[in-house]
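A short worksheet on the structure shown next.
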Amino acid sequence: MVKKEKVIQVKNLVKKFGDFVANDHLTFDVYKGEIFGFLGANGAGKTTAIRILCGLSIPTSGDISVAGFDAYTQTENIKKNIGYMSQKFSLYEDLTITENIKFYAGIYGLSDKEIKQKSDKLIQKFNLSDKKNKLIKSLPLGWKQKLAFSIAIIHNPKIVFLDEPTGGVDPITRRQFWDLIYEAADAGITVFVTTHYMDEAEYCNRLSIMVDGKIEALDTPENLIKQYKVDNMDQVFLKLARKTNA
Amino acid sequence: MKRFIGFLKKEFYHIFRDRRTLIILFGMPVAQVLLFGFVITNEIKNVKIAILDHSKDEITKQITNKILASEYFILDKNLSSDNEIESIFKAGNVKEILIFENNFAKKLEKYGKANIQIITDATDPNTANLIVSYTSAIILNYSNRLNVQSNVPMQIQTKTRMFYNPELKSVFMFVPGIMAMILMLISAIMTSISITREKEMGTMEILLVSPLKPAQIIIGKVMPYVILSFINAVTIIVLGMYVFGMPVQGSIPLLLAENVLFILLALSLGILISTTTDNQQAAMMKSMFGLLLPTILLSGFIYPIENMPIALQIVANLMPPRWFIIIIKDIMLKGTSFAFVWKETLILVAFTLFFLIISIKKFQIRLE
């Protein structure tokens, strides 16, 4: 892995809603082609941070750059260079596979020729040529999820944000989904992923764990397990969460 | 621009693939207008009337024959005294009574003037109004012909009394009313539902993260409904003209422009509703109770605003459809020009801007 180029740089990110501090001086970097796990209990401030990194929300203070663009003034440029997929399923159920591909590729400004190429490639890759004119709602959930991911990176973004992408999916499909994530990372797309599954967390190159608006830990999964003297990520997570609750 | 067209295309896929949406969009307006139209055209055929002829001369007979020959009216009974009037109305079959004063022909010849009293059962005000206007027209037609024959100007005066409902409202209330209702329903309910559906499905997040600007997303969502609602407005006007015989006295471009304005108003309300809810069910309920009922009850569509208690009259003034109905009535029936409806138009514009500004504010808060 090339650890030189930083695609996300965050220094002392603070986001306040009135008196409530949702993000309290977050500092971290994410490198190109890395799979970066962004963990934390519900309400720890993950979503707020992701929204800022996606250009949906303006931070209160701190220096943030995403894909080389400033999170205060260049949100439009950020949006063009990222992909996003959320825990809620996000393709249109009443559109066919091809129409969904065309639509999403279209809003990212791909040319007709590119759209045609990409969509042919995608349909071939998933062996969907006999189903390409079927409505999305006729597909099983696992397939939808995989398609949604492929469509989220159809415009070759520098970074793709995955907000609990595997919620409600069976373990086999989850494994296949992670194969797609690795494939994307190998192709140079940085993957920024949140999850509640600790076995998934161990698939990441590096992890950050947020507790109450702060980043409590940031390292590779192996190092974190060593550092906290436990057997697996699950216990690391519990230890950190318990520490603040006590 | 290409992105935007792609977006519009997608919206039309949504609309044309959802049978329920299609029925609401196109079935409902036609069904409603035809329903109202059918009921009303049916009632003005074969209306039962009674005649109380105090004179029984040549001219009253001619008028009676002319009225009965028109196929709008059927003679139910010849009355012999005023006492029967009340009881025959109470029996319920007869909708109108014509009373010729005594010595009708003589008075007409001598003074050039004679009176016919028309009494109607106005429990159904719209029918009553129609009956009276039909009867008056026939009598007027007869008296005009009479004048051609003689050189002394003769006048037959009709005196109308509406029983049971002296403050009669025009039958043509229906078309503007239905128009207001349908445009409100389709524009506001459909947009609020289609926007909240994106939120519910999680696709709204994806759109917001994409390079599309929020304004583009909103306009893209709303634009198809502007077009479809406009088609509906035209359909209602055309149906109104042919089914109801509704006149369009004023300028058609002005009429259409006012319709577009009202559609925009309803859409901005739809957007506003969608910013306050996250699911389709809630959006539907809010639109139904917040928009549909007031549109029907407080806009003057069915119940005259003048008859409401002061408090409700004030509330009614805050209902946009109320002003729209006034504008449409003035343009269609009175043929007034923009100079006479600019105030109401301005009110509609103000409402639209108000709703849009609040929506934008709310939308921005959500983005925070």
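Every number in this text was worked out from the coordinates using simple rules, so none of it is lab data. All values reported here derive from a predicted model rather than from experimental measurement. Counting neighbours? That spans all protein chains shown, and the Cβs are built from the backbone with ideal geometry, glycine included.
With contributions of -39500 (n - 2.57) from each DSSP H run of at least four residues, the per-residue ellipticity at 222 nm computed over chain A stands at -11000 deg cm²/dmol. Specify which residue in the list A:GLY142, B:ILE139, A:GLY109 is farthest towards the positive end of the charge dipole of the protein assembly as shown, using unit charges on the beta carbon of Lys, Arg (+1) and Asp, Glu (-1), about the Cα centre. The residue sitting farthest along the positive end of the dipole is A:GLY109. For A:LEU207, the residues whose modelled amide H falls within less than 5 Å of its own, excluding neighbours fewer than 5 places apart on the same chain, are A:GLY37, A:ASP219, A:THR220. Distances between placed amide hydrogens fall under 5 Å for B:PHE73 paired with B:ASN46, B:VAL47, all partners being 5 or more residues away or on another chain. A convex hull fitted around the alpha carbon atoms of the stretch B:45-104 yields 61 Å³ per residue. Among the helices of chain B, those built from whole DSSP H runs whose Cα atoms reach 27 Å or more along their own axis and whose mean Kyte-Doolittle hydropathy is at least 0.5 are B:214-239, B:252-276, B:338-367. With bins 10 Å wide beginning at 0, the percent of Cα pairs of the protein assembly as shown falling in each bin runs 3, 13, 18, 17, 13, 10, 8, 6, 5, 4, 1, 0, 0.
The GNM of chain B, with springs linking C-alpha atoms under 10 angstrom apart, assigns the highest mean-square fluctuation among B:LYS329, B:LYS48, B:LYS107 to B:LYS107. The distance between label points at A:HIS25 and A:SER129 comes to 5.9 nm (points 7 Å beyond Cα on the Cα→Cβ vector).
Ranked by how many other Cβ atoms sit within 10 Å of their own Cβ, fewest first, the residues B:LEU79, B:LEU22 fall in the order B:LEU22, B:LEU79.
Over the stretch A:157-246, the alpha carbon radius of gyration divided by the compact-protein estimate 2.2 N^0.38 Å works out to 1.14. The order of B:ILE88, B:ILE236, going from fewest to most other C-beta atoms within 10 Å of their C-beta, is B:ILE88, B:ILE236.
Panel order for B:ILE218, B:ILE327, by other beta carbons found within 10 Å of each beta carbon, from fewest to most: B:ILE218, B:ILE327. The value obtained for the stretch B:44-163, namely the Cα convex hull volume divided by the number of residues, is 88 Å³ per residue.
Selection among A:PRO59, A:VAL30, A:LEU95 by position relative to the dipole of the stretch A:1-103 gives A:VAL30 as farthest towards the positive end (Cβ unit charges, Cα centre). How far is the Cα center of the stretch B:339-364 from the Cα center of the stretch B:53-92, in Å? The two parts, judged by their Cα centres, are 54 Å apart. Would you mind classifying chain B by shape? Square roots of the alpha carbon gyration tensor eigenvalues, ordered a ≥ b ≥ c; an a/c under 1.5 is rounded, otherwise it is prolate if a/b is larger than b/c and oblate if not. It is prolate, given that a/c is not under 1.5 and a/b is the larger ratio. Shown here for the stretch A:43-120: trypsin sites (Lys or Arg not before Pro) in loop regions (DSSP other than H, G, I, E, B) with at most 15 other Cβ atoms within 10 Å, of which there are none.
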